[in-house]
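The values are calculated or read from the model by the stated rules, or taken from the named source; none is laboratory data. What you are looking at is a predicted structure, and each value in this text was computed from that prediction instead of being measured. Reconstructed Cβ throughout: ideal geometry from the backbone, glycine too, with neighbour counts over all protein chains shown.
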Amino acid sequence: MSEQEGAVGRAWDRNADAWTRQVRAGGDLLRERMNRPMFMAFLPDLEGRNVIDLGCGEGSSARMLAEVGARVTGIDLSEGFLAAAAAEEAARPRGIAYRRDSFTSLATCDDASFDAAVSFMALMDGPSFPEAMRATARVLRSGGTLHFSVLHPCFWRRDSRWIAGGEGKILGIVVSNYWSETPYEDRVAFFGQNAGPGERFAVPRFPMRMEDYVCGIAAAGLVITGMSEPRPSEELAREHAIFRRQRDHAPMLLYIAARKP
Ligand SMILES: C[S@@+](CC[C@H](N)C(=O)[O-])C[C@H]1O[C@@H](n2cnc3c(N)ncnc32)[C@H](O)[C@@H]1O
């Protein structure tokens, strides 16, 4: 595991307690109302499948997969998140195995040992996407699938900002520095929460472009089989401004599906 990955794990450790509390209380509106149901609908039937969750965090994505009948192994860099995930598994067992590993190496995983790899909002948080794809291709059996969600690389960037007109109505989005590859620390709050500056999570980000995702998948010998830029329904857009912006102007999420030949 690289020094940089050690630092990423420690950064997430610092978020682990408050993040776990907020996620489990349903505090992330984007996740609960939009991302979770849409991503689950994007997944193939995983019942009875041996599935690895890449960047499982405190385990909510692994539990979503276990709920649809998958046999799940969750890996993450953060000891704090893994401890929270293991505690929940001990309290309400779902047969999920958690272990510390990096999705750029998957050193704890045998070749061809999984039917599917799934990653929920984690692959944009690690330093080397091409390595992550090579490791994923190695641990998938032939015919195995990969499905992941990330922040949309074309719109969600360090300096992106929504442009508001009269009465606060959102008119569009400005995206700058699309080509920047410099890692940075994002200060994020869950969507739908009115967090002050001190209540934000410090999240290490490794900027990637659309070509990095597509070429990283292709270079690992995986074949892209699907893609989605989830758009909130009109009904959801009426519920909250974060959905209205995405429905009218730009997607914040990107889902990609691929298969090992
Ligand atoms: C936004 S959280 C998402 C967690 C979880 N999938 C969820 O939906 O709640 C991103 C996670 O990616 C993990 N991560 C970042 N780089 C990683 C790497 N190289 N290997 C494994 N996990 C990594 C972080 O520790 C963090 O738990």
Quick one: how many residues across segment 210-240 are at pLDDT 95 or above, more than 16 Å from the ligand (Cβ to nearest atom) and not in a helix (DSSP H, G or I)?
-> 12
In segment 43-57, residue surrounded by the most Cβ atoms within 10 Å (Cβ to Cβ) [restricted to those that are more than 6 Å from the ligand (Cβ to nearest atom) and either polar (S, T, N, Q) or within 16 Å of residue 81 (Cα to Cα) (or both)] = 53
For segment 45-75 the number of residues that are part of a strand (DSSP E or B) and free of Cβ contacts under 8 Å to residues at least 40 places away in the same chain is 4
Selection count where residues are charged (D, E, K, R) and under 14 Å from the mean Cα position of the chain (by Cα), scope segment 42-83 = 3
Only one residue in 111, 76, 53, 115 is under 23 Å from residue 18 (Cα atoms) and in contact with a Lys or Arg (Cβ under 8 Å, 6 or more places away or on another chain), so which one is that?
-> 76
Within segment 76-168, strands (runs of 3 or more DSSP E) holding 2 or more residues that are free of Cβ contacts under 8 Å to residues at least 40 places away in the same chain = 97-100, 161-164
For residue 21: the one exception among (1) exposed (fewer than 15 other Cβ atoms within 10 Å of the Cβ); (2) modelled with pLDDT under 95; (3) within 15 Å of residue 149 (Cα to Cα) | (3)
Out of the residues in segment 140-155 that are buried (at least 22 other Cβ atoms within 10 Å of the Cβ) and of a type in the set (A, V, I, L, M), state the one that is farthest from the ligand (Cβ to nearest atom).
-> 140
Taking only pairs six or more apart or across chains, which ones have beta-carbon atoms under 8 Å, a first residue in segment 5-19 that is more than 19 Å from residue 88 (Cβ to Cβ), and a second residue that is part of a helix (DSSP H, G or I) and at pLDDT below 95?
-> 8/125
Return a yes/no flag: does segment 173-183 have any residue that is crowded, with 19+ Cβ neighbours inside 10 Å and closer than 21 Å to residue 38 by Cβ.
-> no
Considering residues of segment 204-232 that are in contact with a strand residue (DSSP E or B) (Cβ under 6 Å, 6 or more places away or on another chain) and among the small types (Gly, Ala, Ser) only, the residue surrounded by the fewest Cβ atoms within 10 Å (Cβ to Cβ) = 226
